[in-house]
Structures are given as structure tokens and as C-alpha cells.
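Below is one structure, written out as C-alpha cells, with a few remarks after it.
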Amino acid sequence: MRKRFTLIELLIVVAILGILASLLLPSLGKARYKSRIAVCMSNLKQCSVGMTAYSTGNDGRFSPVLPSFQSSPWTTYVLFENGQHYNMGKVYKDGFIPDLRVFFCPQNEENQQEQFTLEYNTNSSGQLVIPSGDDRARSSYHFLMKNMGYSLRSKIRMSQLDNEMSFLMDKLNHDVNTAHNQGKVGWNFMRPDLTVKFVRSPKVWSIVQAGPIGTKWSETTTAVNELLTK
């Protein structure tokens, strides 16, 4: 005759499963976190390939920046403003980046810190369609964050970059903009030679935790240089 499980036996099984789940979930969470870092790194590489291809077809020059670039490092995040494409938005507009999703960090979407969406698409004229009142890229990537002024930045060529400059990296304006902020905080960081790695830095984390860097080029330069030395 088939033996039935008693209530106590069932409760023991449920308890064991609960213990196993509590042991496995943190490991799964860490694995998901690491996988998003890898996806973000892949997106970064696609952005850099697009920018490199763009510069090759434009006499070695990069995509245009906003005139306000000189006053703030963070205008490098703007894709489209006042009917014009800028930065990586121009690279996308000209067909060198096929998928808008590369502008989005999957970890930021998970954190829901800035309510990232994929609402960006193009109209019949090829212009980026952005939700009303939102003129930001919502990208966790920047391009050549260096205080060199609008005039110089508009003229610089790919061949003029040295490997001690930042090329593309995760956003670091503020701690709420830092996507990879779990455990040991870090940023995906790419040099002009297109090598990219995940860089951890308590010093940079303390800088961005102190408040929005905003137009403070000195704090921005200190943070970027710190990541460059890692």
C-alpha cells in the first residue's frame, strides 16, 4: 500500500527548499549583476565601434557637440536638442549604430533610478523621437569627457587622442547615476585604443556621493584620472 506523506514531512521538505533558496538567491543576484556589467561593456564597445566608423567617414572628426559643452561635462549625454542631433545621437542618425538599446545600461534599468525606458525611436525623417520634455540621452555613456572647450572639442580628430584620455565610460555625475553600485562599486571604462574594463574605485565613489559634480570640471577630471590609473 502506498505510503502518504505526513504534514510534518511536508513541512520539513518545504523548510529545506526554503533554506536552499535562501542560499542560492544571493548567488543568482550576483550572477545577474555581473551579467549586466558584461552587457553594458558590450554596449560600450558597440558605441565605440560606431564612433570610430563615423570618424573614418568624416575626415577623422567626431560627431558634433553642443555649444554648451564648455560649461558642463554632462552635455555629452545629449542625443538630440532643438531639432539637431549631437554626440552619439548623430552617430546613430547617420547609421553607424543600428540599435538604440546600446545607449542604455541594463543595470540602470534594473535600479529604476532614472526610470530608463526604450521610448526612443525615429520618425520618417530619421530624427530621434524623444518623450515630451526629455532632451537627454538617458545613456550611461559619455564621449571624451575632458575640459578642452567647445572650439577645440569640435575640431579634434581621432588620431589626436592619446591613451591617457577617457573615450567612453559609465556615467559618474552623481551616486544615483552610478549604475553598477552594488557591493564593490565600479564603472565600465574605455580608452581611445578601445580596450574596456570594469574599474572599481572607492575614491571616485566618495567623489560622486558628495553630491552632483555638475559643472565642476575639477572634480570630474579628478574622478576620470583616478579611473585612468587603475
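The values are calculated or read from the model by the stated rules, or taken from the named source; none is laboratory data. All values reported here derive from a predicted model rather than from experimental measurement. Note that each Cβ is placed from the backbone with ideal geometry, even for glycine, and that neighbours are counted across all protein chains shown.
Below, the figures for the structure above:
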item: Complete set of residues in region 198-216 that are among the charged types (D, E, K, R) and under 14 Å from GLY183 (Cβ atoms); result: ARG200
item: Hits in region 75-87 - residues which are surrounded by 21 or more Cβ atoms within 10 Å (Cβ to Cβ) and either without any contact (Cβ under 8 Å) to a residue 24 or more places away in the chain or farther than 21 Å from GLY214 by Cβ (or both); result: PHE80, TYR86
item: Close pairs (8 angstrom Cβ cut-off, 6 or more residues apart or separate chains): over 16 Å from VAL102 (Cα atoms) in region 38-67, surrounded by fewer than 17 Cβ atoms within 10 Å (Cβ to Cβ) and basic (Lys, Arg) anywhere; result: SER55/ARG61; SER55/ARG157; ASP59/ARG157; GLY60/ARG157; ARG61/LYS155; ARG61/ARG157; PHE62/ARG157
item: Residues of region 47-65 that turn out to be on the phi < 0 side of the Ramachandran plot and either surrounded by fewer than 16 Cβ atoms within 10 Å (Cβ to Cβ) or not in a helix (DSSP H, G or I) (or both), as a count; result: 10
item: Single match in SER42, SER68, SER22, SER27 (criterion: at pLDDT below 85, of a type in the set (Ser, Thr, Tyr), within 22 Å of ASN173 (Cα to Cα) and not in a loop (DSSP other than H, G, I, E, B)); result: SER68
item: Members of region 160-214 found to be in contact with a Gly (Cβ under 6 Å, 6 or more places away or on another chain) and either in a strand (DSSP E or B) or surrounded by fewer than 22 Cβ atoms within 10 Å (Cβ to Cβ) (or both), listed by number; result: PHE198, VAL199, ARG200
item: Enumeration of residues in region 77-114 that are of a type in the set (Phe, Trp, Tyr), under 13 Å from the mean Cα position of the chain (by Cα) and at pLDDT 80 or above; result: PHE103
